[in-house]
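*Asks:* Here it is, the structure, as structure tokens.
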Amino acid sequence: MWLLDDHGNFDRHEAIDTGREIPGETPPTALPNDEVITVRFGGYADGRGFSTGNRLRKMGFSGRLIAAGPLAPDQARHAFQSGFDAVLVEDDAAERQGERAWREAIKHSVGELYVSGIGSHGPERGIWRARHDH
Amino acid sequence: MYQYDGYDQAFVAARAAEFREQVGRRLTGQLTEDEFKPLRLKNGLYLQLHAYMLRIAIPYGVLSSKQMRTLAHLAENYDRGYGHFTTRQNIQFNWTELRHVPDMLDLLAEAGMHAIQTSGNCIRNVTTDAFAGVAGDEEVDPRATCELLRQWSSAHPEFAFLPRKFKIAVIGANADRAAMKFHDIGLRAYPGENGLPRYDIWVGGGQGRTPRVAQLFEADVPFERLLPTLDAMLRVYNLHGRRDNKYKARIKILVAEMGLEAYRAEVYADMEGRDLSPFAEAAPEYERILAHFATLPLPEGEDVTISGDGAFGEWIDQNVTAHKVPGYAVVSVSLKARGAIPGDATGEEMRMIADLAERYSGGEIRVTHRQNLVLPSVRAADLEAVFEALVEAGLATGNIGLSSDIIACPGLDYCALATARSIPIAQALSERLRSREIRVRQEGRDASGPTLNISGCINACGHHHAANIGILGLNKAESESYQITLGGRADEGAAVGEILGPGFTAEEIPDVVERIIETWDAHRAEGESFAESYARLGKDVFKAAVYEEPVNVAA
């Protein structure tokens, strides 16, 4: 298994602490006390996991948040900007999509956004903030 | 109009570079077609029947002459010499090649344009009134809100893989010239405190196979709560909208199945206790954007009444509208010449409009949701010169708002989803209706008539549900059949049309439509619009006229 973190490190690990796994489609209704939570996305085009990540951060979850599931490198920034710390990538996906594509996922993504959300681990500062926060 | 600063410029350039890299990985097979599809769709690239189609955003329908020339260049160098303006203030090029698309996006980025989120299950191009900023009845210029929403929604990390597409429209006048209530979210802006608007937020409108007029989510929302409310509305939709059936995945179905009250409660629960600091700069940003639109660089002119005879008179009556600054006029340029394909323009026509706008309208052009163009600020004294130039270019058809001003989707001639042709039906109707309009006007009678929209399948891109006369092309027993709906409206009295009865062949449609219009003419009270007559008369009188006598079609 491979892990891409929000600093751009992409490494293969024999074992990864994925903590408690929850499905992307069901955000918890109470604040979990786990140190690590893995949100499993139901499908590549299923964006519910991003909102689940957002909800967890909104309710004050400060532990490690991992996104897992059939994601593509192009979705890494979406995960980080929705509050995730890392994206878990299966061996076969890393091989097919290319290690380099994952390693350079953030470099090739739109680096700046107009609005940077609460708890974002993305590369953006926020254009509105840059324009007005003097 | 809004001008990109360095941040905007860098943003669209970065998005174009990102897409170039994605295309590269698709071509080497690192991305499967399944993985690439949502990525290309988010950048307006569809695989159609014959080629890739690139849909480019014209945010809130505003174009500069320079941008129009870029579109002309794309039409001439990457398409077959023309483009197609759509009902959501986009332009489509139907004959592009995948390998050329990154170059097209670079050219667009240089002109301050993009194809970001013109398709895919994300927040689409935000649309508005094509007369924004110049209409006499306007209370708030909706363009600043549209630009704010364009920025907020562009590359939004959380709302990029929604259950289905998401369309937003904004208006700032009582008259609805943007079909606002047929959008997933519709906003009506009113003047508020300190120059910041207040909004009525409408939700759950849409067309497709389950047409719905939007319901009022909340009235009189202060500016500060607009983005936090939209953010929560989208999140609840993202989490709870159906994903098991794409035909039941729009927010209109979620709101109908949950009930408006329950949906509202979920939205407010999501908003509760949220840190709103990401939106802290929304107000200064709105003011910054507004400054781009605030001043019309127009010296007040003499308030003159222009009238004329013949074709010029008709053009003045139909295509020229009052401007909020005395001495100026709003000129609509019809892309619905007799027998033409609705919304199509050649590169040459685009250049010609760009030149006219530069000379007579402050270098600005608008694109309307009825697939026409607008020169928003023409001096009344220049109207005749503009008309003459349009005559020369074959763009002087004086039929804006008449029945021959038809909306039509590309249909089976281009679209992979279509079940029937739209374009030839529109062309045949245009011939028939335009000759009727000319004849009626020559007789000194009122040539106005029902609005007429055509869709080539149930997805309703041609807005047939929202037309006084809607035509829906279906495939029945392996042949095309056209179903008629009556009484739909896209304006402030938004309504979904009712099915008249069994469908017709393509050849029968012009006679059927003419018969409906003649029936209306015969029963019409003085000055009554088709929609008003239909509301008073009901369906039966039309049904009798259409179905009791068989339609004669020449073999």
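The values are calculated or read from the model by the stated rules, or taken from the named source; none is laboratory data. The shown structure was predicted, so the numbers you read here are calculated from the model rather than taken from an experiment. Positions of Cβ are generated from backbone atoms using ideal geometry, with glycine treated the same way; all protein chains shown enter the neighbour counts.
*Asks:* Of A:Arg12, A:Arg48, A:Arg20, A:Arg64, which residue is modelled with pLDDT of 95 or more, closer than 25 Å to B:Leu39 by Cα and either touching a Phe, Trp or Tyr at 6+ places or on another chain (Cβ under 7 Å) or not hydrophobic (A, V, I, L, M, F, W, C) (or both)?
*Replies:* Details: A:Arg12 fails: closer than 25 Å to B:Leu39 by Cα; A:Arg20 fails: closer than 25 Å to B:Leu39 by Cα; A:Arg64 fails: closer than 25 Å to B:Leu39 by Cα.
None of the other options fit; the residue is A:Arg48.
*Asks:* Within region A:56-75, which residues are in contact with a Gly (Cβ under 9 Å, 6 or more places away or on another chain) and within 11 Å of chain B (Cβ to nearest Cβ)?
*Replies:* A:Arg57, A:Lys58, A:Met59, A:Pro70, A:Leu71, A:Pro73, A:Gln75
*Asks:* Does region B:460-471 include one or more residues that are free of Cβ contacts under 8 Å to residues at least 24 places away in the same chain and over 29 Å from B:Ile438 (Cβ atoms)?
*Replies:* Start the filter on region B:460-471 by keeping residues that are free of Cβ contacts under 8 Å to residues at least 24 places away in the same chain, which leaves none.
Looking through region B:460-471, none of the residues is free of Cβ contacts under 8 Å to residues at least 24 places away in the same chain and over 29 Å from B:Ile438 (Cβ atoms).
*Asks:* For residues that are under 14 Å from B:Ala535 (Cα atoms) and within 16 Å of the chain's Cα centre (by Cα), tally how many sit in region B:489-505.
*Replies:* Here the count works out to 2.
*Asks:* Any residue at all in region B:415-427 that is over 24 Å from B:Glu480 (Cβ atoms) and buried (at least 20 other Cβ atoms within 10 Å of the Cβ)?
*Replies:* No: zero hits.
*Asks:* I need the full set of residues from region A:96-121 which are within 7 Å of another protein chain (Cβ to nearest Cβ), crowded, with 21+ Cβ neighbours inside 10 Å and under 14 Å from the mean Cα position of the chain (by Cα), in order please.
*Replies:* Answer for region A:96-121, where residues must be within 7 Å of another protein chain (Cβ to nearest Cβ), crowded, with 21+ Cβ neighbours inside 10 Å and under 14 Å from the mean Cα position of the chain (by Cα): A:Ser109, A:Gly117.
*Asks:* Among the residues of region B:387-399, is there at least one that is touching a Gly at 6+ places or on another chain (Cβ under 6 Å) and of a type outside the set (Gly, Ala, Ser)? Break it down stepwise before answering.
*Replies:* Residues of region B:387-399 that are touching a Gly at 6+ places or on another chain (Cβ under 6 Å), as a first pass: none.
No - not one qualifying residue is present in region B:387-399.
*Asks:* Another question, if that's okay. For region B:506-546, name all the residues that are polar (S, T, N, Q) and touching a strand residue (DSSP E or B) at 6+ places or on another chain (Cβ under 7 Å).
*Replies:* Looking only at region B:506-546, we keep the residues that are polar (S, T, N, Q), and these are B:519, B:529, B:533.
Scanning region B:506-546 gives no hits.
*Asks:* Is it the case, given these coordinates, that B:Glu549 is out of contact with any strand residue (DSSP E or B) (no Cβ under 8 Å at 6 or more places or on another chain) and either within 18 Å of B:Gly401 (Cα to Cα) or at pLDDT below 95 (or both)?
*Replies:* It is true that B:Glu549 is out of contact with any strand residue (DSSP E or B) (no Cβ under 8 Å at 6 or more places or on another chain) and either within 18 Å of B:Gly401 (Cα to Cα) or at pLDDT below 95 (or both).
*Asks:* Another question about this same structure. Does B:Arg55 count as without any contact (Cβ under 8 Å) to a residue 40 or more places away in the chain, more than 9 Å from chain A (Cβ to nearest Cβ) and either surrounded by 18 or more Cβ atoms within 10 Å (Cβ to Cβ) or not in a loop (DSSP other than H, G, I, E, B) (or both)? Reasoning before the result, please.
*Replies:* On the way: without any contact (Cβ under 8 Å) to a residue 40 or more places away in the chain: no; more than 9 Å from chain A (Cβ to nearest Cβ): yes; either surrounded by 18 or more Cβ atoms within 10 Å (Cβ to Cβ) or not in a loop (DSSP other than H, G, I, E, B) (or both): yes.
No, not satisfied.
*Asks:* Separate question: Where the second residue is aromatic (Phe, Trp, Tyr) and the first is modelled with pLDDT of 90 or more and lies in region B:85-100, which pairs have Cβ atoms under 7 Å and are six or more apart or on separate chains?
*Replies:* B:Gln89/B:Tyr60; B:Ile91/B:Phe85; B:Phe93/B:Tyr78; B:Asn94/B:Tyr414; B:Thr96/B:Tyr52; B:Thr96/B:Tyr78; B:Glu97/B:Tyr52; B:His100/B:Tyr78
*Asks:* Please determine whether any residue of region A:21-43 is of a type in the set (S, T, N, Q), farther than 21 Å from B:Ser153 by Cα and in contact with an Asp or Glu (Cβ under 9 Å, 6 or more places away or on another chain).
*Replies:* Looking through region A:21-43, at least one residue is of a type in the set (S, T, N, Q), farther than 21 Å from B:Ser153 by Cα and in contact with an Asp or Glu (Cβ under 9 Å, 6 or more places away or on another chain).
*Asks:* What about B:Tyr237, is it of a type in the set (Phe, Trp, Tyr), outside the structural domain of B:Arg436 (by TED's automatic domain parsing), within 26 Å of the chain's Cα centre (by Cα) and crowded, with 20+ Cβ neighbours inside 10 Å? If you could, list the steps in order and put the result at the bottom.
*Replies:* Numbers: of a type in the set (Phe, Trp, Tyr): yes; outside the structural domain of B:Arg436 (by TED's automatic domain parsing): yes; within 26 Å of the chain's Cα centre (by Cα): yes; crowded, with 20+ Cβ neighbours inside 10 Å: yes.
When the stated conditions are applied, B:Tyr237 passes them.
*Asks:* Restricting to region A:35-55, and then to whatever is assigned to a loop (DSSP other than H, G, I, E, B) and of a type in the set (A, V, I, L, M, F, W, C), can you tell me which residue is farthest from B:Arg243 (Cα to Cα)? Walk me through it before giving the result.
*Replies:* Going through region A:35-55, the residues assigned to a loop (DSSP other than H, G, I, E, B) turn out to be A:35, A:41-47.
Subsequent filtering for residues that are of a type in the set (A, V, I, L, M, F, W, C) retains A:41, A:45.
Values: A:Phe41: 13, A:Ala45: 10 Å.
Top of the filtered list is A:Phe41.
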